[in-house]
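Worksheet for the structure shown next.
The values are calculated or read from the model by the stated rules, or taken from the named source; none is laboratory data. Owing to the predicted nature of the structure, the values given are computational and were not obtained by experimental measurement. Methodologically, a virtual Cβ is constructed for each residue, glycine included, from the backbone with ideal geometry; neighbour enumeration extends over all protein chains shown.
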Amino acid sequence: MSTATWVKTFAKNDVRLVLRDRMVLMLLGMALAIGVAARFVLPLIDASLAANGVLPNERTDLRFSDTYEMFVAFVGLWQAALMPGTAFGFILIEEKEDDTLTALRVCPAPFSTFLAYRIAIPAALGFVLALILVPLIGHAEIAWAKLLPIAAASALAAPLTTLLLGAFANDKVQGLAFTKFGGVAGLTILAGWFVPEPWQWLLGAFPPFLACKAFWMARAGADLWWLVALVAFVGHAGLIAFALRRLRFR
């Protein structure tokens, strides 16, 4: 059988799993819902804080609207990758529980073909979601020429999440516990917005933060935003290689 035939087979199996457990559709819908909510809720919060003298106030001229870039990157880049990554992570866990992965190791389909497929689908979804969510949320416009490579870098957090869940969680209960780590890790992006440079660069050990940092730099007109996006891409790729190795030998 050709690679294309095996991919069609894997896709049919995914459709079966999605129809049986619709977490994929739920999480993708949740990402879009959060994006729509952010578009309308962020200005309401800004107006309310300003009207009540909270931000700005006597001690600072900072407005809540000054942090819109932070929230757009958090939702439009990080959540856009985390949601499909988590959804397909649970599919991978289910495949482990059903011994599908064990069967694939001895069937004619190369196991590497299956793993490549498992990387490509969540990465593609994370990429497309980022391209949808960032303009949908608004409040932080950016040229498409800059958004495309940044979205490509941030989207790799999706397959990374999928593979880490598949590599370390033995069942869905453990998977749910591990998703909490993803939620906590994402707070690095929100906290990092307030960390001054050069200390902010220490958070670059978390590649999704670098993707968001590239977004902020591109918005600010910095020349080296592309280099930061490239480092984020390479950082994600390195962690994906680690997770693949871990999954292969489990």
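Determine whether the stretch 92-110 contains at least one residue that is within 19 Å of the chain's Cα centre (by Cα) and either crowded, with 16+ Cβ neighbours inside 10 Å or farther than 19 Å from residue 217 by Cα (or both). The answer is yes, given that some residue of the stretch 92-110 is within 19 Å of the chain's Cα centre (by Cα) and either crowded, with 16+ Cβ neighbours inside 10 Å or farther than 19 Å from residue 217 by Cα (or both). Against the condition of a type in the set (Val, Ile, Thr), under 21 Å from the mean Cα position of the chain (by Cα), farther than 21 Å from residue 165 by Cα and surrounded by fewer than 16 Cβ atoms within 10 Å (Cβ to Cβ), how does residue 128 come out, does it pass? Yes.
In this structure, does residue 115 turn out to be within 20 Å of residue 241 (Cα to Cα) and either assigned to a helix (DSSP H, G or I) or aromatic (Phe, Trp, Tyr) (or both)? When the stated conditions are applied, residue 115 passes them.
Inspection of the stretch 169-181 finds a residue satisfying the criterion of being among the small types (Gly, Ala, Ser), surrounded by fewer than 18 Cβ atoms within 10 Å (Cβ to Cβ) and modelled with pLDDT under 95. For the stretch 158-182, how many residues are free of Cβ contacts under 8 Å to residues at least 24 places away in the same chain and within 26 Å of residue 219 (Cα to Cα)? Within the stretch 158-182, residues that are free of Cβ contacts under 8 Å to residues at least 24 places away in the same chain and within 26 Å of residue 219 (Cα to Cα) number 0.
Quickly run through the stretch 48-65 and pick out the residues that are part of a helix (DSSP H, G or I) and either surrounded by 18 or more Cβ atoms within 10 Å (Cβ to Cβ) or touching an Asp or Glu at 6+ places or on another chain (Cβ under 9 Å) (or both).
Within the stretch 48-65, 64, 65 meet the criteria.
Condition first: free of Cβ contacts under 8 Å to residues at least 12 places away in the same chain and polar (S, T, N, Q). Can you find one or more residues in the stretch 140-157 that meet it? No - not one qualifying residue is present in the stretch 140-157. The condition of being in contact with a helix residue (DSSP H, G or I) (Cβ under 9 Å, 6 or more places away or on another chain) and at pLDDT below 90 holds for only one of 136, 104, that being 104.
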